[in-house]
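The values are calculated or read from the model by the stated rules, or taken from the named source; none is laboratory data. Everything numeric in this text was worked out from a predicted model, so none of it was measured. Cβ coordinates were reconstructed from backbone atoms using ideal geometry, including for glycine residues, and neighbour counts include every protein chain displayed.
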């Protein structure tokens, strides 16, 4: 891929982000704009900011890759990512805003008046934040590798440095404008190329076999295998090989591989003839963002699908960078309106990645073999349109991808750094916020360098699972159940979130490889969320004496509209 | 392999956290096993039990605190049953013989009236009942009887009478401390109420004078100013709630500045720089307006009336979990030593409620870390920085009055 356009595009996005962040404040010099300058953020602007912060690498690149590799089943991902806001709208948005809490630990303290629960919530915020930052950095690495062939960790390093520098230097003074800008940038970066791609598809005779199984090559295609892999063949395959297959070296030899599993060494070049089917890669240790948990999915598709749905539906409300944005809404009703607008904006965005996935199955099916399925979105313009136009559109997509990394990473970094500064580091102050920023980025960066090639789309899914098992019970019961007690909340978070966390760790460590246990650990939400709720309810019922005094007043404040409260007091 | 490493790292983290927590728990000196002679040991044991019973009582004598402390107190006295009462009813009965509640309350009328302890035999139809005698020791705070401690035993015992009296005295001291705590809280509340900002009378006179001067020459302008004045005073005089949002406070400042501008015209210019994220931040009511008033006063001070100009800038920034509000003027400034004395309350500044009031209120609400930071020197203007946490327990805006 030609990088002469892409690199300036990425640089432009970075510079624009920093500039909007630093100078996007509302400034007034005359009396007449005083009102304009001090007007609160409207629901639509805030919704764009929330969407911009929320649409991460997993959405921008990952979903297309998943659809490419595994077909329409993966449409549950965008559905889940969107529907999470429906749950948020129905149960959480307005009361959370009225609670006056800025972060999740604030909410825990406001509701339960307990410092211990606050600390525990803080620990989970940091854990979820780090789990979520990891795939952002790895996605950035992948994008830069595809664009320029730079080493894998460089992209992550660039994102980390840019984010830490801008956040720590106070460059995110107007984060609402930055994130809103990023949303529209991301939408443009997917929408404009998509229009051209659809036109190209039309010009190509509008082939419709995208989801026919299995995918086939539409023209002769050379595939270079960068990492050793096992090919699973259902039927014999004729292919021209330069390199090592099943331990035997070939040099531009046309061979027929019988059905079964074949091991292909790294560096091998396979030339597929037009019309031959795309074989399925069986990848154990190393995968892109989209190949990882495929095995357990295939074994138990129903269980995995429900696990995914539950995690994404209920996990959204516990994402630390999403929650803090609701504080910007001036009141509960505005928070609700904001959520409705977010549903619209995100829903519109999520129409596009599956389109790329479907086109990818037609035009870049070999990506399932090379493990770069996540690069589908980046490679399609070049493949389908080509020439300068393709390069320009590719640059636009690359810029959008970097906007995705930057916005999500900066939001998460600010959220994690806020918790670290307030609840972990000894004293407060601006210097400590900087230290917190560095710390909150250093850990995931180190992790992504040490464990490069981790199945990262799952890291997002797993972050959702941990969030759904710890914060969802806390928020839902905290808002809707007056008998919740501090020990109950702490126990529920520890057991629900903790068990999800252990399952995440076990999955990442690759234990155990197969079987029902693996499916249980790989999609923990289905059992860990009920476990968290149950623990919270039972322990709360067992400690009735510990219901915080003033619970009634607090719940009244959560649920009464602000006007009523003012009238009641006046 | 790398996936395994990652998983290992993730798995080790909660283990580390659990280990840290366990270490903290076990490091506490809970065991008294190897301390000196048996007598010393017993002393420590008693003191330890007493210290455990104390914290709940520091919150006053209620059903909940009585329940929490009764078990410890019974261990301290070593009796079969112990009960704590207030003046009307039994708050808690710890131990056997709970059916004596009613009888105890009847017999307590005398001691509660006189404030003197006594011991009496209990009537019980049950021959196996463990409690036959009750020792009553009143709990007094400032010579007023708040309730009684009743220790029950199978037989009469002078030791128990003595011990119950001592324990009741000790409990009374805790209740007195609770009383003290309460009055301290009330004092702080009263202080906050007293500190609650009022607009300066000078401002009212000046505004009315300015409006009057426009009534004939420019009636429309006079009407507008009168409305601004009405809006501003309505905000300042409102009765409910001690807190407001930054957005509302800025609107009040806008009205205030409109009136001030009418008086000074071109001599005063104002720049406003606001990050919209911080507008919903809650802050003590009328705590920025006095700072702006101060900036207006100092900005124009010592500048020749017709030509001298002053510039004020107001910025509000987002800084993580805090909002940073900076108010800056380019006026006469102030001697830092003098300012320090004003803030310490040694001398009161002329006119207006000024900086020390705002400083006091911010410290009351957010703690001593959140006082005003003022940078100034004579002739160098003044820059006032206030840090406002976005969330503070117990700090909520009073609610919106109307939708704008």
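Evaluated against (1) free of Cβ contacts under 8 Å to residues at least 24 places away in the same chain; (2) surrounded by 15 or more Cβ atoms within 10 Å (Cβ to Cβ), residue B:329 falls short on exactly one condition, (1).
The residues on offer are B:297, B:303, and the sole one that is away from every other protein chain (no Cβ under 14 Å), touching a residue at least 24 places away in the same chain (Cβ under 8 Å) and surrounded by fewer than 18 Cβ atoms within 10 Å (Cβ to Cβ) is B:303. Would you confirm, using the coordinates I've provided, whether residue B:268 is modelled with pLDDT of 85 or more and closer than 14 Å to residue B:326 by Cα? Taking the combined requirement at face value, the residue does not satisfy it. Considering A:64, A:58, the condition of being at pLDDT below 80, more than 14 Å from every other protein chain (Cβ to nearest Cβ), buried (at least 23 other Cβ atoms within 10 Å of the Cβ) and assigned to a helix (DSSP H, G or I) is satisfied by A:58 alone. Taking the criterion of being away from chain A (no Cβ under 14 Å) and out of contact with any helix residue (DSSP H, G or I) (no Cβ under 7 Å at 6 or more places or on another chain), the residues of the stretch B:356-399 that qualify are B:375, B:378, B:379, B:380, B:381, B:383.
For residue A:180, the test of being crowded, with 24+ Cβ neighbours inside 10 Å and part of a helix (DSSP H, G or I) is passed. Residue B:286 meets each of the listed conditions (1) more than 12 Å from every other protein chain (Cβ to nearest Cβ); (2) crowded, with 20+ Cβ neighbours inside 10 Å; (3) at pLDDT below 85; (4) touching a strand residue (DSSP E or B) at 6+ places or on another chain (Cβ under 7 Å) apart from (4). Taken together, the residues in the stretch B:118-150 that are under 42 Å from the mean Cα position of the chain (by Cα) and in a loop (DSSP other than H, G, I, E, B) amount to 2. Can residue A:108 be described as surrounded by 24 or more Cβ atoms within 10 Å (Cβ to Cβ), more than 28 Å from residue A:333 (Cβ to Cβ), assigned by TED's automatic domain parsing to the domain that holds residue A:10 and in contact (Cβ under 8 Å) with a residue 12 or more places away in the chain? Taking the combined requirement at face value, the residue does not satisfy it.
For the condition in a helix (DSSP H, G or I), modelled with pLDDT under 85, more than 30 Å from residue A:49 (Cβ to Cβ) and within 14 Å of chain A (Cβ to nearest Cβ), residue B:231 does not qualify. When residue B:210 is tested against (1) crowded, with 18+ Cβ neighbours inside 10 Å; (2) within 37 Å of the chain's Cα centre (by Cα); (3) farther than 23 Å from residue B:85 by Cα, only condition (2) is not met. The residue list B:3, B:60 contains one member that is assigned to a helix (DSSP H, G or I) and either modelled with pLDDT under 85 or within 14 Å of chain A (Cβ to nearest Cβ) (or both), which is B:3. Within the stretch A:504-518, residues that are at the interface with chain B (Cβ under 7 Å from one of its Cβ atoms) sit with their Cβ atoms under 7 Å from residues that are at pLDDT below 75 and in a loop (DSSP other than H, G, I, E, B), at 6+ positions apart or across chains, in these pairs: A:508/A:454.
Of the helices (runs of 4 or more DSSP H) lying entirely inside the stretch A:85-150, those containing at least 3 residues that are more than 17 Å from residue A:317 (Cβ to Cβ) and at pLDDT 90 or above span A:115-148. Given the structure, is residue A:325 modelled with pLDDT under 90, part of a helix (DSSP H, G or I) and within 14 Å of chain B (Cβ to nearest Cβ)? Yes: the conditions hold for residue A:325.
Condition check ((1) out of contact with any strand residue (DSSP E or B) (no Cβ under 9 Å at 6 or more places or on another chain); (2) more than 30 Å from residue B:301 (Cα to Cα); (3) at pLDDT 85 or above) across all residues:
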residue: B:214; (1), (2), (3): yes, no, yes
residue: B:225; (1), (2), (3): yes, no, yes
residue: B:239; (1), (2), (3): yes, yes, no
residue: B:244; (1), (2), (3): no, yes, yes
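Yes or no: the stretch B:241-251 includes at least one residue that is part of a helix (DSSP H, G or I), away from every other protein chain (no Cβ under 11 Å) and in contact (Cβ under 8 Å) with a residue 24 or more places away in the chain. No, because not a single residue in the stretch B:241-251 is part of a helix (DSSP H, G or I), away from every other protein chain (no Cβ under 11 Å) and in contact (Cβ under 8 Å) with a residue 24 or more places away in the chain.
Residues checked against (1) farther than 24 Å from residue B:314 by Cα; (2) assigned by TED's automatic domain parsing to the domain that holds residue B:146; (3) buried (at least 20 other Cβ atoms within 10 Å of the Cβ):
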residue	(1), (2), (3)
B:172	yes, yes, yes
B:180	yes, yes, no
B:189	yes, no, no
B:223	yes, no, no
B:250	no, no, yes
B:253	no, no, yes
B:257	no, no, yes
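In this structure, residue A:553 does satisfy being under 24 Å from residue A:335 (Cα atoms), at pLDDT 85 or above and more than 9 Å from chain B (Cβ to nearest Cβ).
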